[in-house]
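See below for the structure under consideration.
Throughout, read-outs are computed from the coordinates displayed, never taken from laboratory work. A quick note: this is a predicted structure, and the numbers were derived from the prediction, not measured. As a convention, Cβ positions derive from the backbone with ideal geometry for all residues, glycine included, and neighbour counts pool all protein chains shown.
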Ligand SMILES: [Zn+2]
């Protein structure tokens, strides 16, 4: 079953919610990158939230890229998502499996670290870009995005995101719940959300038990109104031509150095696909350099 995110409003249209079962999306990421549990939990959490941010973009072709680096063992986490539901991502170290001693939970905050940043780049129509960045709060991802939404976008939000990993390392359940306060909200709405956030079950356990997300929505809000349901899937848009075009953006000196080899190999970090450029390709690139 493809991953799906339900978008809607509640509390008299004073909040907007994104509720998603992202199990398949996260499992596809695991297969592509051969992720171990803690690396997968970190990547899966960032992918699930970024998927919501991608489909939140209004125009087709717009996308969101989130980058996290907290100085921890996992290195950089990067995820891109567009507004039609294509998501891709990677982490520096795919093979981390660490748990917190006291709770048996996957130690995401520990491997991400919190001495660093969460950066969000929004690629808007007409080639404009919007970048904002906040300091990491805990490295547990959910808190960090909640902080980003309230500080950078000035939208107080509840963020709940989680990944359950099975004994065979496959993704057992993954999900995301994002609730945003909309303009026009009142004190009552704030109190309702405060109370709700205290009672929330971990979203990955909800997804594991309840396959019908609409039933869960009715537990969250008595007046939930569904506006749209969107499929989200793992898809990389790389190509041999795209990497060639990227090469051409290198400074001439660096490019000439790259082209001095007989064969060039480039691996796509998002999908692990390998591209090989032979003598013929290098000739084509050389021609471009000469014409420049
Ligand atoms: Zn790729």
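With bins 10 Å wide beginning at 0, the percent of Cα pairs of the range 240-291 falling in each bin runs 23, 61, 15, 1.
Normalised by 2.2 N^0.38 Å, where N is the number of residues, the alpha-carbon radius of gyration of the range 1-102 equals 1.16. Between 120, 79, 131, the Gaussian network model of the chain with springs among Cα atoms under 10 angstrom shows the greatest mean-square fluctuation at 131. Annotation: the antiparallel percentage among DSSP beta bridges lying fully within the chain is about 95. Computed over every Cα-Cα pair of the chain and binned at 5 Å starting from 0, the pair-distance distribution P(r) comes out as 1, 5, 11, 15, 17, 15, 13, 9, 5, 4, 2, 2, 1, 0 percent.
Among 256-262, 31-37, what's the highest-first ranking by average C-beta atoms within 10 angstrom per residue? Display every interim value, and only then the final one.
Numbers: 256-262: 12.1, 31-37: 18.6.
The packing order, highest mean first, is 31-37, 256-262.
Look at the alpha carbon pairs under 8 Å that are at least 6 residues apart: their mean separation over the length of the range 3-234 gives a relative contact order of 28 percent.
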